[in-house]
Every structure is written in C-alpha cells, then in structure tokens.
Amino acid sequence: MERHFDQELKELNEDILKMGALAEEAIYKSVEALKNRDQGMAKSVIDNDALVDQLELAIDEKCIDFIARYQPMAKDLRFITTGMKINAELERIADIAVDIAQRTLELVDKPLLKPLVDIPKLTAVAQKMVKAAIDSFVRADIALARQVLSSEPEANELRNLIHQELVDDYMVKDSSSTPRAVQLLLIARFLERICDHTTNIAEDVIYMVQAEVVKHHPEKLKKEN
Amino acid sequence: MAKIATRKLNLWYGDFHALKDVNASFEPKKITAIIGPSGCGKSTLLRVFNRMNDLIEGVRTDGEVLIDGANILDPCADLVALRKKVGMVFQRPNPFPLSIYENIIFGERIHGAGITRDELDGIVEKSLKDVLLWDELKDRLQAPALSLSLEQKQRLCIARLIAVRPDVLLMDEPCSTLDPQATARIEELMRELKNNYTIIIVTHNMQQAARISDDAGFMLLGELIEFGKTDQLFTAPQDRRTEDYITGRYG
C-alpha cells in the first residue's frame, strides 16, 4: 500500500520536474529570441517569470509543510532539503533567462554585430547541463550528476573565448561596437552563470543520493573520478 | 575510555535469543539513545546494565559488560553497589507511597549509614534542585509523593536516583506518559544532567532520540544493527534496515 507520505514525495518530485521544465523553456526561448531577433519571444520569457516565481513559492511551502507534518529522516530528509535548494537554483536559472531576454531586447533593433557562433555553442552546453542536472535529481543518478560537474570547464572555456573575441576583435578595434559587444558579453556571462547553478544542483544531488558533501571539496570529486 | 562497553553480549530468555553479539561503547557524560521496534531487545539491553534481568527466571547471559573497565556480569559483582552506580528511570514514574522527602532519602537509608538529619536535608535539597523541583516543592516536602503530577513524579524519581550519586542513568521510555510540554521539560533536564551523568535512553520516539542524544543505536531482532553519532544515524544511516526503520518503511 502506498503511503500518503510517499504520494506527497512523488508530487514534490513532479513539481520540481515542472520547475526544471519551465527553467529549460526560459533559457531556450531567451536564446532563440536573440538568434532570431524575436522581440515577442523575449517578452514572453520576461512575462512567464511570474509563473516560475509562483511555482517556486508553492514548492517551498510544500517542503516546509512536509517537514512540519512528517519530520522526515535519512534519505527523505535529504530529499526534501535538496529539493528546496534545487528549487531555488532553478528559480535563479529562470531569472538569468530573463536577464538574457532583457539584453536581447536591447539588441533586436540594432544591426547585428557579428554572426553568433560561440554563444549558441555555450547555450547548447548550458541547456545540456540544465537537463542533465534535473534528470540526475529526478532519477537520483550520481553518474549523471558527475557528468554535469565535469562539463563546467567546457562552459568556462567557451565564455573566455567569447570574451576574448568580443574585446579583442570588436571593442578594441571599433569603439562604436562597444554597446552591442557589452550586451553579448553579458549574455555569455549569464549563460556561464546558468552552468554554475547546474553544478550546484549536481553537488546537491550527490549529497541527496549518497549523503556525501562534495560542495567546496573538489578533492572528493577528483578522488572518485 | 568508554563508560560502558559490551563485548559479544548475548542474552537468552529460556530458549529465546533476545540479544545477539551486541558490541557497543557508551561514552561518559553523553546521552546515547537506543531505538528499534517493539521486541527488538532495546529494553533488555538497558536492563543488562544494572542486571535487572537477573530478576527474570530463565535468563542467561554470555559475553562481557564492562563498566569503568570491570565486568558486571561477573558472578562475584556487587549488585547493590552496581545498582547504586547505575540507576534506572522507568516508563511510568513509580514513586513509593511515602512523602516526597522520604522518597528522596530512600536510597540513602539503604546505602548510607550514620548519616545525620542535616546531611539528609542537604541531599533532599540538592537532589530536588538538580531536577528543578526545589522551588515548587520545598514547602511541602512531607506531602505524599503520589499527590504530585505525572511530570513531577518522574522528576522526583530522577531526584531519588541522583540522591545516591550514581554515574549512569538508564531511562526506559521516560516521557511516554507525559504530554509534549512535560516531555520538553524532561528533555531539558536530561541535557542538564548529562554534564554529570552518562545517560542511556530507550525510546520509541525517534524525534526525541534525534533531539537529545549524542550517540544512537538501532536494534532489530536482538541485534545492534547500527551504532554511531546521532546526526549521522538520522541523516545518513549506513545500513538499509536502519534507513527503512527511521523513514517509516520498516515492515
């Protein structure tokens, strides 16, 4: 017989999955808006953020209510506390998508500075990391969480490349390009921040599954790789 | 050094094997909680520590229980001295049908000899102060102990124990008959008492075990399945059976 307790845990899992889907959609749409210079799509990302905020509050409330009523222990306690933290990370990711959409709105009515090559690459890395981080939580999959952590250098490298190109090839050579280059620099920075949030999620998942704190302990990750 | 240590402790009630190869160390001036489902052997283990099981017919033990390094299962062990050193608080408070004062000095009357009235008065005052009952009861020490509230009776029983200056307090479900407020106050008292005593508590209330203990053990079918730091046991138990029990999935 399934207990009410387990049913509520399952519902919470589904809510977090839903939060993840909203965050993924926000990233996708914000970058699509940038690529296609689509003002409407950028605005829809900004408008939809209220939904994400609403769901974040609902999940938090459920978690607090669950702790108050059931006083969960062991893996249930780790699931709830991790769920709360992941909820906050996903909300931040969606907020960053809003930041990207706002930068996009600044750019759409200006001539294209350069064809976008590395930003879509960084977006693909970020999207892959977000998806893997959410999946690792839902499936309690440590291997997938570790995969997220190992993708971080790739994201950092791409961001550095974008940074270097925009500064050296555009801002230094032609100061009139600076306002547009700064917007793109910010977008690259935002995408890299999204990747950072996914690594937080992955570290939380490792704690949830095997009760080991790897956050701020890089040596633990190296040891097991 | 551990205050109490068991080495391959086994106990049988007739043919029933109630404790199986229990190895554990109980640290001095700490609270250790023993949890587990009914019939798992936790109260039996507690009663081994002052040899209360000796009162049950057909009980046989094997292995060692060292208190301060001495094996109390030794047939030559001094049981009166042991029970003075290792006192016990039960589920239902059991004051004697005597006055509050007489309850507290009852042990002194057995263990002590040639003690003066002033010394007895001092013991009563100190014991009642230690359990935070002095202010409430100092003006009615001759009142019958049975007239007290349940919580006061449980505190009085603890005062009666500490009046004989034990080292170890064994507590078998000491709060199970108390309401949440009284339970919280007894738990506060336990935290105070652990500055001076080694406390071992058996409880069905997992939240209580998590709240008050430093170390905790989980027992199942006579075996000590897991024993360690309380925060570890309740957040990251190592054994699947412990995890199932504390998350309510056992059985």
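Looking at A:Asp118, A:Asp109, A:Asp99, can you tell me which residue is surrounded by fewer than 24 Cβ atoms within 10 Å (Cβ to Cβ) and at pLDDT 95 or above? Sole residue among the options that is surrounded by fewer than 24 Cβ atoms within 10 Å (Cβ to Cβ) and at pLDDT 95 or above: A:Asp99. What about A:Ile80, is it within 14 Å of chain B (Cβ to nearest Cβ) and touching a Cys at 6+ places or on another chain (Cβ under 6 Å)? Yes: the conditions hold for A:Ile80. Restricting A:Glu157, A:Glu152 to those that are of a type outside the set (Gly, Ala, Ser), in contact with a Ser or Thr (Cβ under 6 Å, 6 or more places away or on another chain) and surrounded by fewer than 18 Cβ atoms within 10 Å (Cβ to Cβ) reduces the list to A:Glu152.
Say we look at the range A:1-16 and pick out the residues that are assigned to a helix (DSSP H, G or I) and free of Cβ contacts under 8 Å to residues at least 24 places away in the same chain; which of these is farthest from the other protein chains (Cβ to nearest Cβ)?
Restricting attention to the range A:1-16, the residues satisfying the condition of being assigned to a helix (DSSP H, G or I) are A:4-16.
Narrowing the set further to residues that are free of Cβ contacts under 8 Å to residues at least 24 places away in the same chain leaves A:4, A:6-7, A:10, A:14.
Working: A:His4: 11, A:Asp6: 9, A:Gln7: 14, A:Lys10: 14, A:Glu14: 20 Å.
By that ranking, first place goes to A:Glu14.
Residue pairs whose Cβ atoms lie under 6 Å apart, separated by 6 or more positions or on different chains, with the first residue in the range B:8-28 and at positive phi and the second among the acidic types (Asp, Glu), are B:Lys8/B:Asp21.
Out of contact with any Gly (no Cβ under 9 Å at 6 or more places or on another chain), assigned to a helix (DSSP H, G or I), closer than 19 Å to A:Ala133 by Cβ and within 14 Å of chain B (Cβ to nearest Cβ), is that true of A:Val209?
Judged against the criteria, A:Val209 is a match.
Taken across the range B:47-58, residues that are assigned to a helix (DSSP H, G or I), charged (D, E, K, R) and modelled with pLDDT under 95 do occur, with at least one present. Please indicate, with yes or no, whether at least one residue in the range B:45-52 is surrounded by 13 or more Cβ atoms within 10 Å (Cβ to Cβ) and within 21 Å of B:Arg241 (Cα to Cα). Yes. When the residues of the range B:204-246 are filtered to those that are over 16 Å from B:Lys30 (Cα atoms) and more than 12 Å from chain A (Cβ to nearest Cβ), the one that is surrounded by the most Cβ atoms within 10 Å (Cβ to Cβ) is B:Met219. When the residues of the range B:92-128 are filtered to those that are part of a helix (DSSP H, G or I) and over 23 Å from the mean Cα position of the chain (by Cα), which remaining residue is surrounded by the most Cβ atoms within 10 Å (Cβ to Cβ)? Within the range B:92-128, the match that is surrounded by the most Cβ atoms within 10 Å (Cβ to Cβ) is B:Leu120.
Look at B:Leu170 and say whether it is assigned to a strand (DSSP E or B), more than 14 Å from every other protein chain (Cβ to nearest Cβ) and surrounded by 20 or more Cβ atoms within 10 Å (Cβ to Cβ). Outline the logic, then answer.
Values: assigned to a strand (DSSP E or B): yes; more than 14 Å from every other protein chain (Cβ to nearest Cβ): yes; surrounded by 20 or more Cβ atoms within 10 Å (Cβ to Cβ): yes.
Against the criterion (assigned to a strand (DSSP E or B), more than 14 Å from every other protein chain (Cβ to nearest Cβ) and surrounded by 20 or more Cβ atoms within 10 Å (Cβ to Cβ)), B:Leu170 qualifies.
Kindly provide the set of residues from the range A:171-188 that are free of Cβ contacts under 8 Å to residues at least 60 places away in the same chain and either crowded, with 18+ Cβ neighbours inside 10 Å or among the aliphatic types (A, V, I, L, M) (or both), ordered by number. A:Met171, A:Val172, A:Val182, A:Leu185, listed by residue number.
Kindly list, by first and then second residue, each pair from a residue in the range A:25-53 that is under 21 Å from A:Leu185 (Cβ atoms) to a residue that is of a type in the set (D, E, K, R) and surrounded by 17 or more Cβ atoms within 10 Å (Cβ to Cβ), limited to pairs with Cβ atoms under 7 Å and residues at least 6 apart or on different chains. Every condition considered, the pairs that remain are A:Val45/A:Lys29. Of everything in the range B:1-46 that is out of contact with any strand residue (DSSP E or B) (no Cβ under 8 Å at 6 or more places or on another chain) and assigned to a loop (DSSP other than H, G, I, E, B), the residue that is nearest to B:Pro166 (Cα to Cα) is B:Met1.
Condition check ((1) within 14 Å of chain B (Cβ to nearest Cβ); (2) more than 14 Å from A:Thr104 (Cβ to Cβ); (3) surrounded by fewer than 20 Cβ atoms within 10 Å (Cβ to Cβ); (4) modelled with pLDDT under 95) across all residues:
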{"residue": "A:Lys18", "(1), (2), (3), (4)": "no, yes, yes, no"}
{"residue": "A:Leu34", "(1), (2), (3), (4)": "no, no, no, yes"}
{"residue": "A:Gln39", "(1), (2), (3), (4)": "no, no, yes, no"}
{"residue": "A:Ser44", "(1), (2), (3), (4)": "no, no, yes, no"}
{"residue": "A:Leu51", "(1), (2), (3), (4)": "no, yes, yes, no"}
{"residue": "A:Ala58", "(1), (2), (3), (4)": "no, yes, yes, no"}
{"residue": "A:Asp65", "(1), (2), (3), (4)": "no, yes, yes, yes"}
{"residue": "A:Ala68", "(1), (2), (3), (4)": "yes, yes, yes, yes"}
{"residue": "A:Pro72", "(1), (2), (3), (4)": "yes, yes, no, yes"}
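Please verify whether the range B:181-190 includes one or more residues that are within 14 Å of chain A (Cβ to nearest Cβ) and at pLDDT below 95. No, the range B:181-190 has no match at all.
When only residues in the range B:173-190 that are within 14 Å of B:Asp130 (Cα to Cα), among the aliphatic types (A, V, I, L, M) and free of Cβ contacts under 8 Å to residues at least 60 places away in the same chain count, which is surrounded by the most Cβ atoms within 10 Å (Cβ to Cβ)? Looking at residues that are within 14 Å of B:Asp130 (Cα to Cα), among the aliphatic types (A, V, I, L, M) and free of Cβ contacts under 8 Å to residues at least 60 places away in the same chain, I get B:Ile186. Picking from residues in the range B:148-165 that are surrounded by 21 or more Cβ atoms within 10 Å (Cβ to Cβ) and outside any helix (DSSP H, G or I), the one that is modelled with the highest pLDDT is B:Leu148. Residues that are at pLDDT below 95, in contact with a helix residue (DSSP H, G or I) (Cβ under 6 Å, 6 or more places away or on another chain) and aliphatic (A, V, I, L, M) within the range B:129-147 comprise B:Val131, B:Leu133, listed in sequence order.
The values are calculated or read from the model by the stated rules, or taken from the named source; none is laboratory data. The model shown is predicted, which means the values in this text are computed figures rather than measured ones. Neighbour counts are summed over all protein chains in view; Cβ atoms, including those assigned to glycine, are modelled from backbone coordinates with ideal geometry.
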